[in-house]
Every structure is written in C-alpha cells, then in structure tokens.
Amino acid sequence: MKTIRMLAMAAAVPALAAAAQADTKIGMITTLSGGGAGLGVDVRDGFMLAIEQDGRDGVEVVIEDDQRKPDAAVQIADRMIQSEKVDILTGIIWSNLAMAVVPAVTAQGVFYLSPNAGPSALAGKRCHPNYFNVAWQNDNLHEAAGAYANDAGLKNSFILAPNYPAGKDALTGYKRMYEGELSGEIYTKLGQTDYAAEIAQIRASGADSVYFFLPGGMGISFLKQYAGSGVDLPVVGPAFSFDQGILQAVGDAALGVKNTSQWNKDIDNPANAAFVAAFQEKYGRLPSLYASQGFDTANLILSALDKAEPADQDAFRAALKAAEFDSVRGDFRFGDNHHPVQDIYVREVIKEGDVFTNKIIATGLTDHADAYAGECKM
C-alpha cells in the first residue's frame, strides 16, 4: 500500500506555547482508490490545506489508502500505532471501517478524530474519552431530512440505504423524525451499482416520495437510473447523495432536489469564505462537505496542539473538547459524548454557470444533538 508522508516545514510561530513545538505525528487512513475514492480525496485535501495554512514545524502527516477494506484499515492502524508511533489517527470515511478500527485505536491509548463516519455505537454505549467526531453522528442529517419531509407535506415515503452501519443509522434517523407512513424500506448491497429492482419496487409502491442514502458512486448510479426510469416522485436525501463531487456526475437529474447538511459553501462567516476561496485556488474545484470536515478536523487538532501535547492526554483531551478554533460551520461545540451539537440545513441543488452545486434554503434543525448521547457513560 502506498504511504504518503507530509511534513509541515514552515517557520515556527514564536508565540506558540512550548508544547506546540513538540513533534506530533498524525496518521490518516482514508479511501483513496475504488468507488469511494472521491470522499477520501476530499477529506485528505481539506485536512492538508489546513496543515499547510498553519505552517508550523513538527507536524507530520502519514497518509495511507484503506481501499475501503476493514481488514486493511485495521492492519494499517496497528502498524501506524506500533511502528510509526503516531499520536493521533483520523481519516476513515466508512462506518464499517470505523467500527473495526476506532475501538482498537482508543484501547491502545491513541486519539482518534473522525472527519466523517459517526456510527451510533460509538456515540452511545461504546463512546470513549479519546474518540471525537468532528463531522456528525450518522443519524443527524437524516433526522433533518425527516423533519423537512414533514414540512413539505410528504406522507408516504419509500426509503432505502446500503446494508452497513451508516445505512442502518440513516434510515433510523429519518424514521425518528418522519411523521408519515412508509410505502417501502430496503437495504441494498454496499457498493451496488444496479438499482433496476429497487426502482421497480418504488414504481409499484404507491409512494409519494423517495428518501435515499447512497454515498459516492452508489448515489451517482441510483440517480442516473432513477432519472431515466420515468418514475416522477420527489426525491429527498442527505448531503452525501448530493454533494459537490457527485453533482457533476449526475447533472441535470439532481436539479431542485432538497438535501440536508451541516455545511455549505454559502454559510456566511469569515472562516468559511476564506476556506472556500483557498480550496478552490489550490485544487481548482469547489470544496465538498467532506473537504470541509477534513479542514475542520485539522484545525481542531492544531488548536489543541497550541495548548498541550497528545502525550499529556488529559490536557490534550480537554483542549480538543474546548474546540477553540474557527470552524467553517460558525459556532461549533461538542456534546458530552464528543459529538457535535450543531445546526443542520436544508439545501437545494442549483446550477451556477456550468457548475452544479447547492444553496441553503432553510435551517432544518437548530443546535441539534444526537439521540445516543444519553447512553454514553464518560
């Protein structure tokens, strides 16, 4: 497996505390090949943009491709901890990989900061003091979608998601808020690309709407096939199915679709405006939800390093929990289970020139915490 090493080489900032000058090694395990590569690439690029902008000496980032395979991710994590001696791990996109890796990482006394996957078990009964999620708990965006469906008067949804932890959390979240009936509920194969059978079931179901969570290439395949099927029911989804990279591949079929997200490029604060401009200048594309999460994760780590070294676990943990950094989301805070408490927005897919993107049209949930925090005993 290819290993990428990146070392921050800019001059040290004299005003930083002595703790911040100590060497810190960060291991990033993310998906850089196969059908989900776009998500991992965006997390990596957002993360490394923040590291580059900060410019301090002594922060090394080691990056490896998990190939979306749980066994590969576990092997990489063990090697990074035992041989590379990393202080912090991050990067995993998929919840089944997170469930395989995170408990073993935290059991070895290493910090793990998630820039994406937020399975319910790790927010609740299997929470850990050294585990922080900087994105969301898996259910959250789907809960906002259920609330939006109520406001839109949708009474009979057909819902589908892949059969893995995030897919199950997705439909659980939607159903938690949705007040209507369900005309059908399907769990598809993870990585599936042919949805003819599912679309046939939707056609025959009597549904008045479709809610789906199919991230990455799965969402592209479903939307293209759905658009060509002649089924003319409104579609609602989370940002994962209508994010920046996906939209360019789907095209006109996504226009007007409502989706939910805790971030968008038009959130009006200085940190977000600067991030969007810097990302676009460096990489030649608009940032995605995943890029924003990578950027925030890196800046959270850097803010904690201003106060303490990871070796001083209590102090570093407290610095992470304080979350004293300028998030692209604006206000940012952690709940007691180390998951964000945040606003979640409703977005609409639009076209700006030749580029498909999203604009915020409403706030779906305000200052929203996850449903599992009460099960976390920290």
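Before moving on, here are some points about what is shown:
- Across the stretch 283-338, the qualifying residues are those that are touching a helix residue (DSSP H, G or I) at 6+ places or on another chain (Cβ under 8 Å) and on the phi > 0 side of the Ramachandran plot, and the one among them that is surrounded by the most Cβ atoms within 10 Å (Cβ to Cβ) is 338.
- All of 169, 194 fail the test of being buried (at least 21 other Cβ atoms within 10 Å of the Cβ) and either assigned to a strand (DSSP E or B) or assigned by TED's automatic domain parsing to the domain that holds residue 257 (or both), apart from 169.
- For beta carbons closer than 6 Å, sequence separation of 6+ or different chains, a first residue in the stretch 155-170 that is hydroxyl-bearing (Ser, Thr, Tyr) and a second that is buried (at least 23 other Cβ atoms within 10 Å of the Cβ), the qualifying pairs are 157/211.
- Filter result for residue 152 (over 23 Å from residue 117 (Cα atoms) and touching a residue at least 60 places away in the same chain (Cβ under 8 Å)): yes
- Residue 285 meets each of the listed conditions (1) assigned to a loop (DSSP other than H, G, I, E, B); (2) touching a Phe, Trp or Tyr at 6+ places or on another chain (Cβ under 7 Å) apart from (2).
- Selection count, the stretch 190-221, where residues are of a type in the set (D, E, K, R) and under 24 Å from residue 42 (Cβ atoms): 0
- Scan of the stretch 213-266 for residues that are in contact with an Asp or Glu (Cβ under 9 Å, 6 or more places away or on another chain) and among the β-branched types (Val, Ile, Thr), ordered by number: 257, 260
- Per the listing 314, 336, 367, the residue uniquely in a strand (DSSP E or B) and not small (Gly, Ala, Ser) is 367.
- Residue in the stretch 291-302 that is touching a strand residue (DSSP E or B) at 6+ places or on another chain (Cβ under 8 Å), over 23 Å from residue 154 (Cβ atoms), touching a residue at least 24 places away in the same chain (Cβ under 8 Å) and outside any helix (DSSP H, G or I) present: no
The values are calculated or read from the model by the stated rules, or taken from the named source; none is laboratory data. Because the structure is a prediction, the values reported are computed rather than measured. All Cβ positions, glycine included, derive from the backbone under ideal geometry; neighbour counts span all protein chains shown.
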